[in-house]
Amino acid sequence: MEFEKLKQVIADVLNVDPEEITMETTFMEDLGADSLDIFQIVMGIEEEFDLEIPAEKVERIATVEEAVHLIMDSRDSAI
């Protein structure tokens with residue numbers, strides 16, 4: 001479920017087809033995202049999943065799979 005919601009957030013920010021996004025997709029290399037795009041994606045994730053993601057964790061995210069794990073970890077630590 002996180003993956004599907006995340007795909008939509010990414011697709012909305014980057015104006016790409018959600019079907020092109022896989023767990024292995026990289027934000028910068030595959031999707032051409034820059035730092036502002038990443039910031040907007042993180043804001044979308046925080047809003048969609050009602051989370052707050054620390055900046056130091058955001059800097060380490062390169063793939064969609066890493067973002068999914070970050071969402072799941074953030075949810076687990078919020079409980």
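Determine, yes or no, whether residue 42 is out of contact with any His (no Cβ under 6 Å at 6 or more places or on another chain), closer than 26 Å to residue 77 by Cα and at pLDDT 95 or above. Taking the combined requirement at face value, the residue does not satisfy it. Those helices (runs of 4 or more DSSP H) of the chain in which at least 3 residues are touching a residue at least 40 places away in the same chain (Cβ under 8 Å) and surrounded by 16 or more Cβ atoms within 10 Å (Cβ to Cβ), considering only elements entirely within it, cover 2-14, 64-78.
The values are calculated or read from the model by the stated rules, or taken from the named source; none is laboratory data. What you see is a predicted model; the values in this text were computed from it and never measured. Note that each Cβ is placed from the backbone with ideal geometry, even for glycine, and that neighbours are counted across all protein chains shown.
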